[in-house]
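Comments concern the structure below.
The values are calculated or read from the model by the stated rules, or taken from the named source; none is laboratory data. For clarity, every value in this text was computed on a predicted model and none was experimentally measured. Here Cβ is always computed from backbone atoms with ideal geometry, including for glycine, and neighbour counts include all displayed protein chains. Ligands, DNA and RNA are stripped out before the accessible areas are found, and what is left, the full protein with its side chains, is counted by its heavy atoms. Shrake-Rupley method; radii C 1.70, N 1.55, O 1.52, S 1.80 Å.
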Amino acid sequence: MAQVVSVNISERKGTVKREVPEIQLRRRHGIVGDAHAGDWHRQISLLAEESVDKMRALLPDLQPGAFAENINTRGLELKSLPVGTRLRLGEAAVEITQIGKECHSDCEIKRLTGKCVMPTEGVFAVVVREGTVRKGDEIEIIKDSI
């Protein structure tokens, strides 16, 4: 079973996200209280904990949100899901809109290790069903329309 490992926000762009107990997802907005929210195609970022584990081999103390990801997952190979895949996350649902992204400047992690997993293994999504997402929530690929 795939599940949410952490939910993370930042109030300002350019800062590391911090883990919070829950997040509220809103259509045409993203995460309430997150600096990257807005009516665009990258409302939410997700990163598999398996990807973070690769980097923990180099930086053992990496915390949730270190890659500016909103949701950490376990048990689902996010980077292999095609654009358009819908995921149920707790009460909410999202649709993947982008796999990876070009980083415009090197983050601290890349400066320290020479690599970063977010550009190739992170995914971005928009909210298709509003709701609350919490650590421990089950993740399910949605086969039918919402």
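Things to note:
- Pick from region 36-51, criterion out of contact with any helix residue (DSSP H, G or I) (no Cβ under 9 Å at 6 or more places or on another chain) and surrounded by 23 or more Cβ atoms within 10 Å (Cβ to Cβ), ranking: farthest from Arg18 (Cα to Cα): Gln43
- Region 75-90 residues that are free of Cβ contacts under 8 Å to residues at least 40 places away in the same chain, paired with ones that are of a type outside the set (Phe, Trp, Tyr) (beta carbon under 7 Å, 6 or more apart): Glu77/Ala48; Val83/Ile96; Val83/Thr97; Val83/Gln98; Val83/Ile99; Gly84/Glu95; Gly84/Ile96
- Single residue of region 101-128 satisfying the filter (at pLDDT 65 or above and open to solvent by 80 Å² or more (accessible area, probe 1.4 Å)) that is farthest from Lys54 (Cα to Cα): Glu102
- Per this entry, Ser6 is counted among residues that are over 19 Å from Gly100 (Cα atoms), under 13 Å from the mean Cα position of the chain (by Cα) and surrounded by 14 or more Cβ atoms within 10 Å (Cβ to Cβ).
Every residue, every condition in (1) farther than 17 Å from Thr132 by Cα; (2) modelled with pLDDT of 90 or more; (3) surrounded by 13 or more Cβ atoms within 10 Å (Cβ to Cβ), yes or no:
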site	(1), (2), (3)
Leu58	yes, no, no
Gly65	yes, no, yes
Thr73	no, yes, yes
Thr85	yes, yes, yes
Arg88	no, yes, yes
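- Among the residues listed as Arg28, Arg42, the single one being within 21 Å of Arg129 (Cα to Cα) and at pLDDT 95 or above: Arg28
- Residues that are touching a Phe, Trp or Tyr at 6+ places or on another chain (Cβ under 8 Å) and among the β-branched types (Val, Ile, Thr), drawn from region 26-75: Ile44, Val52
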